[in-house]
Amino acid sequence: RAALAPAQPVGVAKRGGWPARACEARGMPGAILSLYINNRSGGLIFHRDFHASAAKLDTNEHLRLASTFSSLALIMRQLSPIKGSSGMELLEADGFVLQSFDTLTGIKFFVTAEPDAKNLDAVLRDIYINYSDFVLKNPFYEMDMPIQKGGRFCQKLDKIAEEHQRMQDRRQ
């Protein structure tokens, strides 16, 4: 586990992005900003913004960000003095926190969130369970290929983000 703090976010472009139902207003405490899912090769297979203050990036910038994170996590795993280290799971910066979850099959899930977000590991587990239920069990889905937007998986993601925000609001 590697935690890096505080640092300025690199490559964050214009603010804005399309808001999902989960978080309409900017600056909601503990809000999930974005979700990325990378395949075993480190390529982006799914991305979704949940919040208006998520960095507004074009498709190529999202691809570059996702592959950079996978590469950085791999380097951290190799540099770790602890054998069997899973590499980087958490990155904290002044303006956001990034938490990741690696599956046994090599798929990497990571979310960016407001700095005061809590329980992101539980959010990632819920996302993984829904990925298993609605993506992997789809007979038309091929491993490591991009995940179609829309459908039950995206509906479940919205519910997970909404529930996370309700939990964050209760803590305030």
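The values are calculated or read from the model by the stated rules, or taken from the named source; none is laboratory data. From a predicted model like this one, the values you see are computed outputs, not experimental measurements. Quick reminder, even Gly has a Cβ in these numbers, built from the backbone with ideal geometry, and neighbours come from all protein chains shown.
Before moving on, here are some points about what is shown:
- Lone unmet requirement of (1) in a helix (DSSP H, G or I); (2) more than 15 Å from the chain's Cα centre (by Cα) for Ile160: (2)
- The set of residues in segment 60-88 that are in a loop (DSSP other than H, G, I, E, B) and surrounded by fewer than 15 Cβ atoms within 10 Å (Cβ to Cβ) comprises Pro81, Ile82, Lys83, Gly84.
- Every test in (1) farther than 23 Å from Gly87 by Cβ; (2) exposed (fewer than 13 other Cβ atoms within 10 Å of the Cβ); (3) β-branched (Val, Ile, Thr) is passed by Thr105 save one, and that test is (1).
- Some residue of segment 28-37 being of a type outside the set (A, V, I, L, M), at pLDDT below 90 and part of a loop (DSSP other than H, G, I, E, B): yes
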